[in-house]
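Taken together, the values in this text are just the output of simple stated rules run on the coordinates, not laboratory data. Because the structure is a prediction, the values reported are computed rather than measured. So basically every Cβ, Gly included, is an ideal-geometry build from the backbone, and we count neighbours across all protein chains shown.
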Amino acid sequence: MRLKSIKLAGFKSFVDATTAYFPTNMTAVVGPNGCGKSNIIDAVRWVMGEGSAKNLRGESMIDVIFNGSNTRKPVTQASIELIFDNSDGTLLGEYACYAEISIRRRVTRDGQNQYFLNGTKCRRRDITDIFLGTGLGPRSYSIIEQGMISRLIEARPEDLRNYIEEAAGISKYKERRRETENRIHRTQENLARLSDLREELGRQLERLHSQAKSAEKYQQYKIEERQLKAELTAIRWQTLHSQTENHQRIIQEQELALEALITEQQNADTHIEQHRDKHHDLSEHFNQVQGLFYAIGGEIARFEQSIQHNQQRLKQLQEDSTEAEHSYQEALTTITADEEQLAIIAEEVLLLEPEKELLGAKTEEATIQLHEVETAMATWQEQWHEFTQKSHETKRQAEVQQSRTQHFEQSLERITERMQRFVSESEQLNADPQAAEILLLNEQLAESELVIEQAEEEKGQLQQAIQHLRSQRTELDQRYQKQQNDSQRLAGRIASLEALQQAALNPDSNTAQWLNDHGLANNQHLADRLKVVEGWELAVETILGADLQAIICDSLDISNLQNFTQGELRLIQPTTMSTAISNTSSLLDKVLSKDIAPSWLAMVIPVENLDEALAKRTALGLGQSLITQDGYWVGSDFIRIKRGEQTTTGVLARAQELEKLVEQQAQLVEIIEQTQQDIELLTEQLHSKEQSLANQHNKLQHLTQQMGELKAKLVAHRAQVEQVTQRRQYLDKEIHELTVQQQAQHEELKQARALLQEALDQMAEYAQQDITLQIERGQLQNQLEHWRREERVQKDQLHQLSIKLNGLVTQKQAIAQSLQRLKQQMDRLQERKELLQSQLAEGSAPIEELRFSLEQQLEKRLQVEEELKQARLALEDADSSLRETEQRRTRAEQQSQALRSQLEQQRLDWQGLNVRKKSLQEQLQEDSYDLHTLLQNLTEEANESDWLKRLEQVTERIQRLGAINLAAIEEYQQQSERKNYLDAQNNDLVEALTTLENVIQKIDKETRQRFKDTFDKINDGLQKLFPKVFGGGMASLELTGEDLLSTGVAIMARPPGKKNSTIHLLSGGEKALTALALVFAIFQLNPAPFCMLDEVDAPLDDTNVGRYANLVKEMSEKVQFIYITHNKIAMEQADQLMGVTMHEPGCSRLVAVNMEEAVALTEV
């Protein structure tokens, strides 16, 4: 059996799926430090079932999953698969028929581990069982890691024995012995419980026998009591029946009296209706007279109001005439003032326009300064983000250690509480050595407490994990929000720049149509492809100007140019002309994309500033000119300066900024998508953990309830305490184990507090750094606020000035319109004055006619008022008669109501008696008695008091019997059957215990023999290999005890020329060689399918490395060796070299070279 290959995916630094093949028996793994060589050995150990993260150089099992690098994202799972060649049938049993065995282990970030055997999901134990006795395993002698050589040679005798046992192949015997001991222990516990149950059943059977006799008497008395109760019920029914007939007679008499009162009440109702009709007629007459009175009053008020209105109208006409004259004069004055104001506004507009241009230049300068400060602020934000991540991580570590500290403190409290309870219980058991039912309940309670403690620990771990996930989720949410804000800011900036660029480069409609007709509409503009050295954009734009809008064409041989009749068309063709026109540098040197640069740029010479340009102006040749970096264009006979807010300004700089911003936005989008994926993954994990926490909480509540029930049973059975000797011994053992556990918890608590203090110290350092960054942010914010305020002030001044200009223009237009309206208003006022004069002459005639009509209506109101008084008196008399009749009806109604209440009470009493009769009858029916039969069997002298006395006598006889177990008869029979069944079980368990003890003796005998034989053979091999490795000297193994089942093993070694008394006096290299001799001696006896060595030759010199390599080469004929080395001598002996590289930081890759093939290629 040999290892064919290892498949790694997501394991530590092997992020990509990687397969390592081992075609030969000697493979050397080489590579620089930190490249991931030892991760291959960790992978083999992990897939074989290693459960300790510490032995895999990690803190938790998820540390084996690739956690990301500068360029890679973390992965969600790690997977390792080992492929074994089993063609020689090394593995026995059900896997002997397989020529190839596949073992795979997979772990996810939520901590779930899965094992697969030949592609089928299995348990971890299934994996370890396969390798029992083969020498393979996560901690066997077949895998020698860094530092294990020194630990092996300095191991305690008990630990060194384990390697001998593995070589002897008795690990499977030890496993069988452990299982057999567990079975014996469980069988003994079952026997003890069964013995207690049998004794308790014996005592219960004795009690049940006497209880069954009492139960028979009790049943007889209860039958008699039941008959008497039924007869007493029949007697009571008979009494109620007589009372019911009496109430029936009284009800009939009261019903007759009630009918008479109702007749009297109906007569009164008839008289009331007559009086009401009369009252209604009188009320109608009164309302008619009253309505006429009110109508006359309304007419009088209307005439008075009309008179007053006409008087007011005459007064208003006089006032309107005066106001019209006044308005006419005011309009004339306003026209003169508006004409003067119009001239003043025109002069003010001419003065404000130059001031607006100056403010525009200042605003642009403030915007540039603000952009520089914002860039510095963005750099600070990145530093702050990095600092925040580190600070949050330290804070999270502090929270984790704080949580661990609290967990250990709570655990110590629970341990102390359990110890106190166990000590208290032990004292009680010592005071009363008799224990019976309490024994079983105490064991159940202890198991329940252990389960609850485990559940609470799991709950604490889940809470800690949820807290960690929520902290990560909060951090991701904050990061995501910041990224979204940055993305929106970039998008806004890009949109504004694109709009400006489009406005600067788009041609007019006629030119665009011509370009579209000739297939040039999609060609790029010169500004799109022209790249300029940073800082010289303004200079190039000043020279090219509108030529930046030129369309790039492959050729200028375009037909139909004469058809272009309106607009402006600029075309440019890429050129390959040389720029070396003269020895003087030109503006072409500042252009990066020279293939499309216009040729006339070669005649423009760049200079640093305006002074230099003016100085060199006289030396210019024909067609040459000078340009400064800030855009001053100077020729021999001209100077051009372009400033202002033209849309073409900054086209090149804007294009370069757009390119950078688009690239930043694309990167930011990728970062946001990754952050969203991380948030979704964390959310799923958080939901899963929260659901697990809820389930664990419910489980804990259920377990707590069960423990409460057990405690209640324990209190109820305190009086039956028996046989507590075994319980007392168990408590002593538990107290001892809890003491050990308490000490371990104290150590863990001490370590957690130390880590917590370390995290707090680091947090203090970060707090100081936070202050420094906050000060820096304050300075940047002050600068940012200053330039924002400066920009805002300039923009506000420019805006105010623009508003003022617009206001003046608007005011000028408004005054002109007002002049026109005032002239029209004067014409209307003249017409209104003439109309008011004619209305005043006609308004005094109708007032006299209205006064005459008012006097007629006043006389008519006096007559109607007397008629209204007579109608009111008649209505009051009718009201008095109606009230007397209603009072008579009310008295009759009150009497009938009182009688009705009495009648209702009688009916209720009659109904109650009937209900009681029915209830008694139903009670008899429920008890399976017939009422009429009982009444017939009763004598005429039967009464309730006599039957009550007889019932009391029977009840007293039942009470004298005491507490009765009615189920005693049936229970006695059931318990007798159970006693027989338990006796048979006891016999079976005794027989099984004897069989298991014989198996233990057989296993011990086989183990002793195998251990002794293996020890002797390994000792002989060591004595032969040691001189071979050292070139002399001697070494041997010694047993430290007499019992071969438990004795330790010590190693003695003396290199040539030395007489050391202990192996600890040897040097590091001598210890390494001694350990290698021991390991190879074990391999000679029981060679494992393969052996992995991790830099075991590190402490050896070249001579000893050569001996080590030769020995490995010799043994490789029977054993497959995979060793990690940095030594060239060891590399030379390998049949295959496997290089581990880390070309990409944080990610390992494999490169394999077959030495024989490599040598053959060199010889060719």
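A compact table of results
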{"read-out": "Peptide ranges 1081-1094, 452-465 listed from the most packed, as the mean C-beta count within 10 angstrom indicates", "value": "1081-1094, 452-465"}
{"read-out": "Descending principal axes extents, the stretch 85-189, alpha-carbon based, whole Å", "value": "46, 40, 39"}
{"read-out": "The stretch 230-348 shape via C-alpha gyration tensor axes, a/c threshold 1.5", "value": "oblate"}
{"read-out": "Sites T955 and D909, calculated FRET efficiency, Cβ-Cβ separation with R0 30 Å, nearest 0.05", "value": "0.40"}
{"read-out": "Backbone HN-Hα couplings from phi across the stretch 267-272 [Karplus 6.51/-1.76/1.60, Hz, Gly and Pro as x]", "value": "4, 5, 5, 5, 5, 5"}
{"read-out": "Equivalent ellipsoid dimensions for the stretch 267-334 as semi-axes, Å, which come from the Cα gyration tensor, largest first", "value": "63, 13, 4"}
{"read-out": "All lysines inside 16 Å of K390 as judged from Cα atoms, apart from same-chain residues fewer than 8 positions distant", "value": "none"}
{"read-out": "Under 5 Å, built H, 5+ apart or other chain: amide partners of F1121", "value": "M26, T27, C1091"}
{"read-out": "Computed helical MRE - 222 nm, the chain, DSSP H runs ≥ 4 contributing -39500 (n - 2.57), nearest 500", "value": "-25000 deg cm²/dmol"}
{"read-out": "Under 21 Å between alpha carbons - lysine pairs in the stretch 1-82 that sit 8 or more apart or on different chains", "value": "7"}
{"read-out": "Among beta bridges that DSSP assigns inside the chain, antiparallel share in %, nearest 5", "value": "70"}
{"read-out": "Under 15 Å, Cβ to Cβ, from G1031 - net charge with Lys/Arg +1 and Asp/Glu -1", "value": "+2"}
{"read-out": "Net charge dipole size for the stretch 857-1007 [Lys, Arg +1 and Asp, Glu -1 on Cβ; Debye, nearest 20]", "value": "640"}
{"read-out": "Net charge over other residues, Cβ less than 10 angstrom from the Cβ of I101 (K, R count +1; D, E count -1)", "value": "-1"}
{"read-out": "Solvent-free Debye scattering, log10 I(q)/I(0), computed from the Cα coordinates of the stretch 856-961 at q = 0.10, 0.12, 0.14, 0.20 Å⁻¹", "value": "-0.67, -0.79, -0.89, -1.15"}
{"read-out": "Dimensionless Rg ratio for the stretch 935-991, taking C-alpha atoms and the 2.2 N^0.38 Å reference", "value": "2.34"}
{"read-out": "Burial order of peptide ranges 46-54, 1005-1013 (average beta-carbon count within 10 Å, highest first)", "value": "46-54, 1005-1013"}
{"read-out": "Placed amide H near V532: partners under 5 Å, 5+ positions off or other chain", "value": "L592"}
{"read-out": "The stretch 1-111 - Rg and Dmax from Cα coordinates, angstrom", "value": "15.1, 49"}
{"read-out": "Pair A337, L1045: separation of 7 Å Cα→Cβ label points (nm)", "value": "12.6"}
{"read-out": "Descending principal axes extents, the stretch 172-215, alpha-carbon based, whole Å", "value": "62, 11, 6"}
{"read-out": "Sum of side-chain charges, V607 neighbourhood, beta-carbon under 15 Å (Lys, Arg +1; Asp, Glu -1)", "value": "-1"}
{"read-out": "Residue (of Y141, V47, N70) at the positive-pole extreme of the stretch 30-166, dipole from beta-carbon charges", "value": "N70"}
{"read-out": "E834-E216 pseudo-label distance in nm [points 7 Å out on the Cα-to-Cβ vector]", "value": "14.3"}
{"read-out": "Projected area averaged over orientations for the stretch 752-899, convex hull of C-alpha atoms, nm²", "value": "40.9"}
{"read-out": "Exposure proxy order (Cβ contacts within 10 Å, fewest to most) of E206, E1070, E709", "value": "E206, E709, E1070"}
{"read-out": "T1103 paired with K1028, simple spin-label distance in nm, labels 7 Å along Cα-to-beta-carbon", "value": "2.0"}
{"read-out": "Contour excess over end-to-end distance, with Cα ends at R276 and A17 and 0.36 nm allotted per residue", "value": "82.4 nm"}
{"read-out": "Centre separation in Å (Cα based) which lies between the stretch 272-289 and the stretch 343-365", "value": "91"}
{"read-out": "Gyration tensor (alpha-carbon) shape descriptor, the stretch 1101-1145, a/c threshold 1.5", "value": "oblate"}
{"read-out": "Relative contact order %, the chain, counting alpha carbon pairs below 8 Å whose residues are six or more apart", "value": "28"}
{"read-out": "In Å, descending, principal axis extents of the Cα set of the chain", "value": "157, 156, 59"}
{"read-out": "Protection-proxy order for peptides 188-201, 923-936, 223-236, each taking the mean of Cβ atoms within 10 Å per residue, highest first", "value": "223-236, 188-201, 923-936"}
